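Take a look at the structure below.
The values are calculated or read from the model by the stated rules, or taken from the named source; none is laboratory data. In this text the structure is predicted, and so the values were computed from the model without any measurement. Positions of Cβ are generated from backbone atoms using ideal geometry, with glycine treated the same way; all protein chains shown enter the neighbour counts.
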Amino acid sequence: MNTEYAETELAEPHLRRLLGTAGLDVEYVSGEGNTLHHRAGNGSLIPVLDFAGGYGSLILGHNHPEIVARARELLDARSPVHAQFSSHPYANRLAAELNRIIHRETGVEEPYYATFANSGAEAIEAAVKHAELDRGARLSALLAETRASAEETRAAVLAGRATVAAPVHERLGVPRPARDEDGIDLLIAEASRHNAEVAGRPPVLLALQGGFHGKLMGSVQLTHNEGYRAPFATLGVRTRFVPMDRPDVLKEVLEQESGTLYELRHRAGRVELAEREHPAYCAFLLEPVQGEGGIRPLSRKFAEDIQEFGRQADCPLVVDEVQSGMGRTGALLASAALGLRGDYYALAKSLGGGLAKASVMLVREARYRPEFELVHSSTFAKDSFSCHIALKVLELLEADGGRLYRQAAERGEALAAMLRRVAAAFPDVVKEVRGRGLMQGFEFHDQSGARSPRLAEAARSGLFGYVVAGHLLHAHAIRTFPTASAVHTLRFEPSVLLTDDEIARLERALTDVCRIVRDQAAERLAVPA
């Protein structure tokens, strides 16, 4: 190896330097359960309690023994990864098992068809692409119907079988001629012009404020954080962001974004101008529990409002379960407890059991377009290794009547109860504790006006949560991070293996942090300024 290049930081050096400022640039060399290890200067292993949990990727913990054993079996059997354009019965079994669980949790029997991918952002983009393909197909069919109806109407007028009423001319703004047959082509042309204008509008994409759906070229435009989105705005589609718990805004959207197409038709010898609803809406994206937005659960009432909006607007709902799904809140789908029924679901992260890079987009039969499978593909998706690992994950979650789901809910409540205790002890330091199951957020009051210059500067620069995370790591051997778009909120997304002793360790560590913030004693932070 060329040592000159090996000693130069070339792999995201700027990020490495930023991590270094908070003491988070640690190399982990092994892990199991909720524990990671890094090496001390003398070569010994230092255990770290991992509450970050791979940003929700480790519902079963690091290197779960049954997942590792299954991976070894697959590798020893030389299970092919690259066997594209062939039969994948294991992928069909995985899709069928996901359907079985979704049907049980939602009470809906309609099948969902699966498109596999490698990451959550890719699954989101597949859902939006599919939704736009479906919208475009419906729009094309509708325009074809209006053109066919116009031609039939024209023929009827020219044959003297239909007359044009004055209101048709008035609505289209076309002067009425002496004879209907002299004006029918102008009416058709004006209706066609209107339809072309309406059909040419960009699709309406909706997402919730605070939502995070990835950082790829398309998905970043669906992510609310302007810091991620704005630099690439010229590349992406327009997204309209809806505030949480604002059904009045949904009504405004329905009034402002909806449109109609004109259809000239004849009934009982009279020409009418009918209105057909324009399929303006591509999709509405939402997370049942916002991850990067600060671990903010969607309320049941607003979920109902969104569901009703989707029905009225004929707008498909894309439910992003990338972080909240796979058992983290006590069920495969966090949305099921809200009564929310998605037209699309995106699952990822823990679907791969902490080893495989696996995700899936599921679309319900009523919106499924088979031609999508010929225009969208992914090299590593739907392979034997990732599908078999995902099947093993589902097997573990479903075992013993769903014992791990119940365990996740119980462990999550124990974690939340502890966080609430700490918050109650430090009301001037902690603003709120919120979340569901093993997805909890711990929000500090804004420290940008703190007496301590270091705490104030960290808050103003958006690094407060990272400074706190660095202290937790070096003073207490606990690993976590702030949420990306709400940097005063620490995230806690451990595995279902979380113990009472691990919760107690975190309680002691957070109590220490809260005392430092209360006392404005930045000099006690383990990471030097």
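Within the range 413-437, residues that are on the phi > 0 side of the Ramachandran plot have Cβ atoms under 7 Å from residues that are hydrophobic (A, V, I, L, M, F, W, C) and modelled with pLDDT of 95 or more in these pairs: 435/289; 435/295; 435/416; 437/408; 437/409, counting only partners at least 6 apart in sequence or on another chain. Checked against (1) at negative phi; (2) surrounded by 24 or more Cβ atoms within 10 Å (Cβ to Cβ), residue 326 meets all criteria but (1). Look at (1) closer than 24 Å to residue 336 by Cβ; (2) in the same structural domain as residue 336 (by TED's automatic domain parsing) and you find that residue 415 fails only one, number (2).
Note on the range 132-160: residues that are within 16 Å of residue 369 (Cα to Cα) and either without any contact (Cβ under 8 Å) to a residue 12 or more places away in the chain or not assigned by TED's automatic domain parsing to the domain that holds residue 199 (or both) amount to 3.
Do we find that residue 385 is surrounded by fewer than 20 Cβ atoms within 10 Å (Cβ to Cβ), out of contact with any Gly (no Cβ under 6 Å at 6 or more places or on another chain), closer than 17 Å to residue 117 by Cβ and of a type in the set (A, V, I, L, M, F, W, C) in this structure? Spelling it out, it is not the case that residue 385 is surrounded by fewer than 20 Cβ atoms within 10 Å (Cβ to Cβ), out of contact with any Gly (no Cβ under 6 Å at 6 or more places or on another chain), closer than 17 Å to residue 117 by Cβ and of a type in the set (A, V, I, L, M, F, W, C). Note on the range 473-486: among residues that are touching a residue at least 60 places away in the same chain (Cβ under 8 Å) and in contact with a Phe, Trp or Tyr (Cβ under 8 Å, 6 or more places away or on another chain), the one that is farthest from residue 61 (Cα to Cα) is 485.
Say whether the condition of being within 28 Å of residue 327 (Cβ to Cβ) and either in the same structural domain as residue 47 (by TED's automatic domain parsing) or in contact with a strand residue (DSSP E or B) (Cβ under 9 Å, 6 or more places away or on another chain) (or both) is met by at least one residue in the range 457-465.
Checked against the condition, which is being within 28 Å of residue 327 (Cβ to Cβ) and either in the same structural domain as residue 47 (by TED's automatic domain parsing) or in contact with a strand residue (DSSP E or B) (Cβ under 9 Å, 6 or more places away or on another chain) (or both), the range 457-465 yields at least one hit.
Is one or more of the residues making up the range 473-485 in a helix (DSSP H, G or I) and out of contact with any Asp or Glu (no Cβ under 8 Å at 6 or more places or on another chain)?
Within the range 473-485, the first condition is being in a helix (DSSP H, G or I), and the residues that meet it are 473-476.
Now drop any that are not out of contact with any Asp or Glu (no Cβ under 8 Å at 6 or more places or on another chain), which leaves 473-474.
Scanning the range 473-485 turns up at least one residue that is in a helix (DSSP H, G or I) and out of contact with any Asp or Glu (no Cβ under 8 Å at 6 or more places or on another chain).
Listed here are the residues, each with its yes/no results for (1) within 13 Å of residue 527 (Cα to Cα); (2) in contact (Cβ under 8 Å) with a residue 12 or more places away in the chain; (3) assigned to a strand (DSSP E or B).
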{"residue": "443", "(1), (2), (3)": "no, yes, yes"}
{"residue": "449", "(1), (2), (3)": "no, no, no"}
{"residue": "459", "(1), (2), (3)": "no, yes, no"}
{"residue": "467", "(1), (2), (3)": "yes, yes, no"}
{"residue": "471", "(1), (2), (3)": "yes, yes, no"}
{"residue": "488", "(1), (2), (3)": "no, yes, yes"}
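Restricting the search to the range 490-512, which residues are in contact with a Leu (Cβ under 7 Å, 6 or more places away or on another chain), buried (at least 17 other Cβ atoms within 10 Å of the Cβ) and either part of a helix (DSSP H, G or I) or free of Cβ contacts under 8 Å to residues at least 40 places away in the same chain (or both)? Full working, then the answer.
As a first pass, look at the range 490-512 and keep what is in contact with a Leu (Cβ under 7 Å, 6 or more places away or on another chain): 492-496, 498, 502-503, 505, 509.
Checking the rest, the ones that are also buried (at least 17 other Cβ atoms within 10 Å of the Cβ) come to 492-496, 498, 502-503, 509.
Passing the criteria: 502, 503, 509.
If you take the residues in the range 150-166 that are among the β-branched types (Val, Ile, Thr) and assigned to a helix (DSSP H, G or I), which one is nearest to the chain's Cα centre (by Cα)?
153
If I ask for residues that are out of contact with any helix residue (DSSP H, G or I) (no Cβ under 8 Å at 6 or more places or on another chain) and closer than 16 Å to residue 242 by Cα, which ones from the range 196-218 would you list? Correct list: 208, 209, 210, 212.
Tallying residues that are in contact with a His (Cβ under 8 Å, 6 or more places away or on another chain) and not in a loop (DSSP other than H, G, I, E, B) within the range 281-335 yields 2.
Going by what's in this entry, would residue 288 be described as more than 20 Å from residue 208 (Cβ to Cβ) and surrounded by 20 or more Cβ atoms within 10 Å (Cβ to Cβ)? So residue 288 fails the test.
Looking only at residues that are closer than 20 Å to residue 515 by Cβ and under 27 Å from the mean Cα position of the chain (by Cα) in the range 434-458, which one is surrounded by the most Cβ atoms within 10 Å (Cβ to Cβ)? Restricting to residues being closer than 20 Å to residue 515 by Cβ and under 27 Å from the mean Cα position of the chain (by Cα), the top hit is 442. Which residue is surrounded by the most Cβ atoms within 10 Å (Cβ to Cβ), if the candidates are limited to the range 173-219 and must be among the basic types (Lys, Arg) and closer than 30 Å to residue 121 by Cα? Ranking the qualifying residues of the range 173-219, first place goes to 215. Scanning the range 13-45 for residues that are touching a Gly at 6+ places or on another chain (Cβ under 9 Å), of a type in the set (Val, Ile, Thr) and more than 18 Å from residue 57 (Cα to Cα) yields a single hit, 21.
Every residue, every condition in (1) within 30 Å of residue 374 (Cα to Cα); (2) aliphatic (A, V, I, L, M); (3) surrounded by fewer than 12 Cβ atoms within 10 Å (Cβ to Cβ), yes or no:
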| site | (1), (2), (3) |
| --- | --- |
| 12 | no, no, yes |
| 24 | no, yes, no |
| 42 | no, no, yes |
| 90 | yes, no, no |
| 108 | yes, yes, no |
